[in-house]
Amino acid sequence: MVKLVPISCMSKQAVQMINITEEVHKIVAESGITNGMVAVITAHTTTGITINEPLECVETDILQRLEKLVPDDDKYIHAHFLPSYGATSNNSPGHLKSMLLGNSCMFPIQESRIVCGSAQHIYLVECDGPQTRKVYVQMMGE
Amino acid sequence: MIIDAHVHPIYFDTICEDDSVLKFRSEQFGIYKQSPYSYEEIIAEMIYGKIDRSILLPLDLTTQSGGCIVSNEEIKKIIDRHPDSFIGFASVDPYRKDAVEVLENAFANLKLSGLKLNPSKQRFYPDDKLLWPIYEKCREYDKPIMFHAGLSWEPNALAKYANPIHYEQVAVEFPELRMCLAHFAWPWVREMMMLMIKYPNVYTDTSMLYMDSFNDFMERIFMKEMEPQTLERNFAKQVMFGSNTPRFRAFKLKKAIENLPFSEKVKTNIFGGNALAFLGEEK
């Protein structure tokens, strides 16, 4: 069986870690899939999906490191008018942070539950907010 | 009070119920790959950017394109739902035979706060006498005009109509009429300054980003095309913060202006005080 469930999240900061673990676990538990795999995939190029421990200090370190690696005020080429959008591109830091984070994660499903370590939480990381974002939870199994 | 003086609400979901209307707007405004967003999203972005209110601008293109990018009634609908967040302007196509009646209705019945005109898109010269009855109506109701000026990203919108030089006679003949030539009339920044030096009823806004990043462009305009003290000394009461949302994101432009070495007093004016004066709420 293959099942796809979208999740909608609204960020409220320019860069923000949104913990979506509970929602993803609930979707898997209710999917009817007993054994298989689940992939959590963002639909955007200025967000990331990452797995980490849900401690405030860890979240702070992740966000601060992202900021150091990809500072907002650096000289980016993606900073000009885009006729195909009718708008100006000015979100290169979002694209680069997204690249560092990756767009997805995967877990095994066993006995209708996600198999993961207790510290492994799933984050949608907003890198160009605030905006409403879509994440796909794709499950495959029997 | 922080006011964004230049917002086009074309993707506000309150007025995006009809796909064909949305398509018309997108094509006429020349903006693509964006989708309607909810009031919650709009407010989240305003809160994040610490922006209290936004001036919403419609555009009547009845004779040029057969419709409105956003109509006066749609602006009224948004304002009625969220009067604390938004200030609504009217628009009228100057070539409409009923132009003055449309404007009268917008001010008297819809209670809109000003007029938006776009000479480039609506294809008129601001100093054409055709406009005089419209300016008279604004003067009668003490309502300001937000003009597009300078380069326009919209298709079929010629910059020649929006050269600051065509606004001088209006400033002369209607000295009580508060008028904003938006976008600092870029690329005619010197001409914009020329008008502001001579005519205190002429305002401009910061809704411009024609190349480079927000920081680079604001620094170019306010620190290089003019001396660092030029705005502080000469135009402290005539420049309003405006974002041109949805082309540019307001909080990013705001941050770039905050980074400029203006005094706190001038920043207070730019971010709200001048807009209140322009609106006639603070004499």
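The values are calculated or read from the model by the stated rules, or taken from the named source; none is laboratory data. Please read all numbers here as calculations on a predicted model, not as lab measurements. Quick reminder, even Gly has a Cβ in these numbers, built from the backbone with ideal geometry, and neighbours come from all protein chains shown. Heavy atoms of the whole protein, side chains included, go into the accessibility calculation; ligands, DNA and RNA do not. Shrake-Rupley method; radii C 1.70, N 1.55, O 1.52, S 1.80 Å.
Once you've got the GNM for chain B with C-alpha springs shorter than 10 Å, pick whichever of B:Ile55, B:Ile145, B:Ile165 has the biggest mean-square fluctuation.
The residue with the greatest mean-square fluctuation here is B:Ile165.
Between rounded, prolate and oblate, where does chain B land on the alpha carbon gyration tensor, with a ≥ b ≥ c its root eigenvalues, rounded for a/c under 1.5, else prolate if a/b exceeds b/c? Could the numbers behind the result be given before it?
Working: a/c = 1.43, a/b = 1.13, b/c = 1.26.
Rounded, since a/c falls under 1.5.
Ignoring ligands, DNA and RNA, how do B:Tyr161, B:Tyr135 rank by accessible area with a 1.4 Å probe, largest first?
On the way: B:Tyr161 30, B:Tyr135 0 Å².
Solvent-accessible surface, decreasing: B:Tyr161, B:Tyr135.
Tell me, what is the per residue accessible area of chain B in Å², probe radius 1.4 Å? Write out the running numbers ahead of the final one.
Working: 11110 Å² over 283 residues.
With all protein chains present, chain B gives 39 Å² per residue.
At a 1.4 Å probe radius, which order do B:Leu59, A:Leu63 fall into by accessible area, largest first?
Numbers: B:Leu59 10, A:Leu63 50 Å².
Descending accessible area places them as A:Leu63, B:Leu59.
Find out how many positive minus negative residues lie around B:Ile51, taking Lys and Arg as positive, Asp and Glu as negative, among other residues whose Cβ is under 15 Å from that of B:Ile51. Could the numbers behind the result be given before it?
Working: positive: A:Lys12, B:Lys50, B:Arg53, B:Arg249, B:Lys252, B:Lys254, B:Lys255, B:Lys267; negative: B:Asp4, B:Glu41, B:Glu45, B:Asp52, B:Asp84, B:Asp205, B:Glu258.
Cβ neighbours under 15 Å give a net charge of +1.
Given springs between every Cα pair under 10 Å in a Gaussian network model of chain B, which of B:Ser263, B:Ser120, B:Ser152 has the largest fluctuation?
Evaluated over chain B, the most mobile residue of the options is B:Ser263.
State, in square angstrom and to the nearest 100, the accessible area buried between chains B and A, both chains counted, probe radius 1.4 Å. Write out the running numbers ahead of the final one.
On the way: alone 11960 and 8220 Å², together 18430 Å².
Chains B and A together bury approximately 1700 Å².
Comparing B:Met226, B:Met211, B:Met196, which has the greatest mean-square fluctuation in the GNM of chain B with Cα pairs linked when under 10 Å apart?
B:Met211
For B:Ile87, which sequence-distant residues (separation of 5 or more, or a different chain) have an amide H within less than 5 Å of its own amide H, given hydrogens modelled in the peptide plane?
B:Ser54, B:Ile55, B:Leu56
Show me, for segment B:95-110, the HN-Hα J-couplings you get by feeding each phi into the Karplus relation (A = 6.51, B = -1.76, C = 1.60, θ = phi - 60°), rounded to Hz, glycine and proline as x.
7, 5, 5, 9, 4, 5, 5, 4, 5, 4, 4, 5, 7, 6, 9, 7
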